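Inspection log for the structure reproduced underneath, given as structure tokens.
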Amino acid sequence: MLSADEFDRRHIWRPYASMTAAPPLHRITDAQGVYLTRVDGGRMIDAMSSWWCMAHGHRRPEIVAAMTAQLQRMPHVMFGGLTHDPATELAQRLVRLLPPGLDCIFYADSGSVAVEVALKMARQAQAARGHATRTMFASARGGYHGDTWKAMSLCDPETGMHGHFGGSLQPQFFVRRPPVAFGDAWIEDPALNGLQEVETLFAEQAGRIAGFIIEPVVQGAGGMRFYHPRYLAGLRRLCDAAGVLLIFDEVATGFGRTGRMFAMEHAGVWPDIICLGKALTGGHITFAATVASRTVAEAIAGGSPGLLMHGPTFMGNPLACAAACASLDLLQTGAWRDDVARIEAGLTIGLAPARDMPAVADVRVLGAIGVVEMRSPIDVDRAHARAVASGVYLRPFGRLLYTMPPFITSDRELEQIVTEMLNICVIESEDV
Ligand code: PLP
């Protein structure tokens, strides 16, 4: 008879893992606030916000109450031909929150699907405008947009999954990473700030490009880099001039993580289409949204077939809409702004000593995101085991050790996270 853990490891796929060599698992029986409780009773701070999404902490009473009430009325109903109050109320909140004109909302199931829908919207809008040859997309290297086929084709060709799928991914156009870092002085010379490359690409290929997709300001899973917001203003101008639709992927950055409600606010630049996910429901249930400008929506409507060709079974799930409404209500009060500023200051001061350690190449902090980039790949198993034993759940990958704690993380809890990150840096430095 297999134990629960043995059964799990034998029969359940883990993210990016082998079925025959599954990594060690920690069975979680309870999650509350910033804490995860293991079956052995041990507690760990969720320094990852469970992959960026638990902005308000786990089991947030306001969100749980909204979901429970909705669960008792109507957990699900199809969205084809039917609607419900949670969907309407969420749309009202999103329209109020987003820049004017960005107000045609598609409810999707996950961040990857939100990206797929955005790409379909761009392709259909271009075709409807008579640009049948605009079938491809462009992006900057260093990006990550999800695990579905089209989204994968737009992840960084070096760090993404291109090589692993042996030519099955559709080729797309890539420019280099936005080269000017967040916080550095902006460089006006387009040859140096990366925009000339975009201009050249558009001059040569615009007739083939439907849209340019990018994560505003923070390139997350593709390298955790923060770039200068002025890049986005230049990109907006170049997209407009070339008739390329601009798509912002705010799946990871949306809803306060960078200190602004949306990362694009650092730039004051709005896209034609935006993808939202992760913290949309405060992380309490999977959900996402793709929001198009009315101009894009009207273009699609004027084409053939005139319908946006996407409609998943669980579209507009009422439970998820109710969770998202409750999460947005929490953001409405604005207290998160002070919390994120406090976390930013704590991470900036706390992680600073890592800069002087031999293993460390760079330390970056923006909002409630703290990143330590090592010079060589981290011994992930060792770092992971250490962090868990000391009560902080971190999940380093490649050369990156990072935290994105829930906004409610206290100063003391933040200190614990920082201490553990520094300890990992010390141990990695002993190997140098
Ligand atoms: N886009 C970005 C920027 C992301 O960071 C992610 C996930 O990490 C996705 C899209 C995909 O979202 P999901 O994992 O919900 O499919």
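The values are calculated or read from the model by the stated rules, or taken from the named source; none is laboratory data. Owing to the predicted nature of the structure, the values given are computational and were not obtained by experimental measurement. Using ideal geometry, Cβ is built from the backbone for each residue, glycine included, and neighbour counts are taken over all protein chains shown. Accessible surface is based on the protein model in full, side chains and every heavy atom, while ligands, DNA and RNA are left aside. Shrake-Rupley method; radii C 1.70, N 1.55, O 1.52, S 1.80 Å.
Contact annotation: residue pairs with Cβ atoms under 6 Å, 6 or more positions apart or on different chains, pairing a residue in the range 97-112 that is more than 17 Å from Phe255 (Cα to Cα) with a partner that is open to solvent by 40 Å² or more (accessible area, probe 1.4 Å) and among the hydrophobic types (A, V, I, L, M, F, W, C), are Asp109/Phe314. On the basis of being surrounded by fewer than 24 Cβ atoms within 10 Å (Cβ to Cβ) and within 21 Å of Arg93 (Cα to Cα), does Gly223 make the cut? Answer is no for this residue. Apart from one condition, Arg386 fits all of (1) surrounded by fewer than 19 Cβ atoms within 10 Å (Cβ to Cβ); (2) out of contact with any Asp or Glu (no Cβ under 7 Å at 6 or more places or on another chain); (3) modelled with pLDDT of 95 or more; the exception is (3).
Might you check whether a residue that is within 26 Å of Ala181 (Cβ to Cβ), of a type in the set (S, T, N, Q) and modelled with pLDDT of 95 or more occurs anywhere in the range 367-379? Scanning the range 367-379, I find at least one residue that is within 26 Å of Ala181 (Cβ to Cβ), of a type in the set (S, T, N, Q) and modelled with pLDDT of 95 or more, so the answer is yes. Counting only strands (runs of 3 or more DSSP E) wholly contained in the range 1-108, the ones carrying 3 or more residues that are under 21 Å from the mean Cα position of the chain (by Cα) occupy 102-108. Of all residues in the range 369-413, those satisfying the criterion of being among the polar types (S, T, N, Q) and over 18 Å from the mean Cα position of the chain (by Cα) are Ser376, Ser390, Thr409, Ser410.
Please work out if Thr403 is among the polar types (S, T, N, Q) and surrounded by 22 or more Cβ atoms within 10 Å (Cβ to Cβ). Yes; evaluated as a whole, the condition is true for this residue. Among the residues making up the range 80-119, a single one is in contact with a Gly (Cβ under 8 Å, 6 or more places away or on another chain), more than 16 Å from the ligand (Cβ to nearest atom), open to solvent by 20 Å² or more (accessible area, probe 1.4 Å) and small (Gly, Ala, Ser): Gly80. Of all the criteria given as (1) in contact (Cβ under 8 Å) with a residue 40 or more places away in the chain; (2) in contact with a Phe, Trp or Tyr (Cβ under 9 Å, 6 or more places away or on another chain); (3) within 16 Å of the ligand (Cβ to nearest atom), the one not satisfied by Glu250 is (1). When you look at Leu245, is it more than 16 Å from the ligand (Cβ to nearest atom) and surrounded by 24 or more Cβ atoms within 10 Å (Cβ to Cβ), yes or no? When the stated conditions are applied, Leu245 passes them. Note on the range 270-312: among residues that are open to solvent by 20 Å² or more (accessible area, probe 1.4 Å) and polar (S, T, N, Q), the one that is nearest to Ala210 (Cα to Cα) is Thr295. Looking across the range 411-426, the residues that are out of contact with any Leu (no Cβ under 9 Å at 6 or more places or on another chain) and either surrounded by fewer than 16 Cβ atoms within 10 Å (Cβ to Cβ) or charged (D, E, K, R) (or both) come down to Asp411, Arg412, Glu413, Glu415, Thr419, Asn423, Val426.
A search for C-beta distances below 6 Å between a residue of the range 381-403 that is under 15 Å from Gly42 (Cα atoms) and among the polar types (S, T, N, Q) and any residue that is outside any loop (DSSP other than H, G, I, E, B) and modelled with pLDDT of 90 or more, counting only pairs 6+ apart in sequence or on different chains, returns Ser390/Glu420. Of the residues making up the range 120-151, those that are open to solvent by 10 Å² or more (accessible area, probe 1.4 Å) and within 18 Å of the chain's Cα centre (by Cα) are Arg141, Tyr144, Asp147, Thr148, Trp149, Lys150. Applying the condition of being within 12 Å of the ligand (Cβ to nearest atom) and in contact with a strand residue (DSSP E or B) (Cβ under 6 Å, 6 or more places away or on another chain) to the range 120-156 and asking which residue is nearest to Ile213 (Cα to Cα) yields Ser139. Return the pair list, or none, for Cβ contacts closer than 9 Å from residues in the range 320-345 that are within 16 Å of Cys53 (Cβ to Cβ) to residues that are crowded, with 24+ Cβ neighbours inside 10 Å and modelled with pLDDT under 95, at least 6 apart or on different chains. Every condition considered, no pair remains.
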